[in-house]
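One structure is given here, and the rest of the page talks about it.
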Amino acid sequence: MSVINATNDITSIVHHPSRRRSPIAARIRDRLVRVMLFLSALLSIAITFTIIFVLFRETFRFFAMDGVSVGKFLGSAKWSPLFSGEIGIWPLVAGTLLVTAVAMIVALPLGLVTAVYLSEYAPRKVRSTLKPTLEILAGIPTVVYGYFALTVITPGLKFFHEGFNVFNAFSAGLAVGILCLPTVCSLSEDALHAVPRSLRDAAYGLGGTRFDVATKVVVPAALSGLVSAFLLAIARAIGETMIVALAAGATARMTMDPRNEIQTMTGWMVQMALGDASHEGMEYYSMYAVAAVLFVLTFSLTVLGNVVRKRFREAYE
């Protein structure tokens, strides 16, 4: 009966040309879709290059001001443009790297272990429930993490050790680590899950345990994806703004002690964006120079991630 109905439908279309799909209209629709897709891609590229152009234009304006030079910017270890005119970038870089280091000590091991559990040990129902739950953490606004660090993590740290300041790098780093944990876990689990089942079966056939298969077969096979996930998390931590602005403090200093108050590059940018400095002064334009350094760091990590992914990528048939 269904064959007869299908035959009748085809016959009706043949005898009624108006119901046929017009080739000209189809070509026009295809061209319109292509043009829209091309314009969307072109718009994204144009926005990216516009941001880069504005960033470096204002950075060059900063270095063209009196008393400002690349030598002072890169050769000094003091940062205080508002008061003494010191423009050494290294205290801000040191603070950023200190918070990032604390965050990665938390996020990378926990994220990798969780990813291995979800990929190799967890039942399917547990995996389908736990993974979306972890990814919910990525949807929480970063300002919430900042207040959580300030009102929960810092008092907890001071309870165990009185040496922690109210604003400190360790508290901010822990909050940033919690923020980056879903990124590391999700991307690492995807990389591990993409390893072919045949490799696991071969390792089991040789007498390997589940732990042996996970650590000696699956993780090495997914190395390029894991490294990319780690580098993305590091770039995310370097560029984090609200958490460090709220919990890390506003004192730029060269220190390796996470108990101290520090200031990161993004923290300084927030301070200048609040309007405390004149928009024509050296202090304000220093924000663009700091942003340029931040851009170079994150861009370098992106390029490094692409190189590592191509270098260690495994192709399976």
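The values are calculated or read from the model by the stated rules, or taken from the named source; none is laboratory data. Predicted model only: the values in this text are computed from it and were never measured. For neighbour counting, all protein chains shown are included, and Cβ atoms are generated from backbone atoms with ideal geometry for every residue, glycine included. Accessible surface areas use protein heavy atoms only, side chains included; no ligands, DNA or RNA. Shrake-Rupley method; radii C 1.70, N 1.55, O 1.52, S 1.80 Å.
Measure of size requested: the Rg and Dmax of the range 123-213, with Cα atoms as the atom set and Å as the unit; please supply both.
Answer for the range 123-213, Rg first and Dmax second: 19.2, 56 Å.
Got a number for carbon plus sulfur as a percent of the chain's accessible area, 1.4 Å probe?
That fraction is 67 percent.
Normalised by the number of residues in the range 47-95, what is the relative contact order in percent for Cα pairs under 8 Å and 6+ residues apart?
23 percent
Got a sec? What order do Val102, Val113 fall in by accessible area at 1.4 Å, biggest, i.e. largest, first?
On the way: Val102 15, Val113 100 Å².
The residues order as Val113, Val102, largest area first.
Separation between the Ala46 and Ile140 pseudo-spin-labels, each 7 Å from Cα along Cα→Cβ, expressed in nm?
Between Ala46 and Ile140, the simple spin-label model gives 4.0 nm.
Pick out which of Val227, Val99, Val68 has the largest mean-square fluctuation in a Gaussian network model of the chain, springs linking Cα atoms closer than 10 Å.
Val68
Using the heavy atoms of the protein chains and a 1.4 angstrom probe, tell me the accessible area per residue for the chain in square angstrom.
Details: 18310 Å² over 317 residues.
Solvent-accessible surface per residue comes out at 58 Å².
How far apart, in nanometres, would the label points at Ala101 and Lys158 be if each is projected 7 angstrom from Cα along the Cα-to-Cβ direction?
Going by the 7 Å Cα→Cβ label model, 2.5 nm.
When the chain is fully extended, how far beyond the present Cα-Cα distance does Arg57 get from Ser128, taking 0.36 nm per residue of separation?
Working: separation 71, 0.36 × 71 = 25.56 nm, distance 4.79 nm.
Net length gain for the segment: 20.8 nm.
Using only the heavy atoms of the protein chains and a 1.4 Å probe, how would Ile243, Ile234 rank by accessible area, largest first?
Details: Ile243 0, Ile234 40 Å².
Sorted descending by solvent-accessible area, the residues read Ile234, Ile243.
What is the packing order of peptides 36-48, 284-296, 142-154, 174-186, taking the mean over residues of other C-beta atoms within 10 Å and listing the highest first?
Numbers: 36-48: 10.2, 284-296: 20.2, 142-154: 18.1, 174-186: 25.3.
Highest to lowest by the protection proxy: 174-186, 284-296, 142-154, 36-48.
Averaging sequence separations of C-alpha pairs under 8 Å and six or more residues apart, then dividing by the length of the chain, give the relative contact order as a whole percent.
Details: 400 pairs, mean separation 75.2, N = 317.
Rounded, it is 24 percent for the chain.
So what does the Cα-only Debye profile of the chain read at q = 0.09 Å⁻¹, as log10 I(q)/I(0), no solvent term?
Calculated log10 I(q)/I(0) at the listed q: -0.65.
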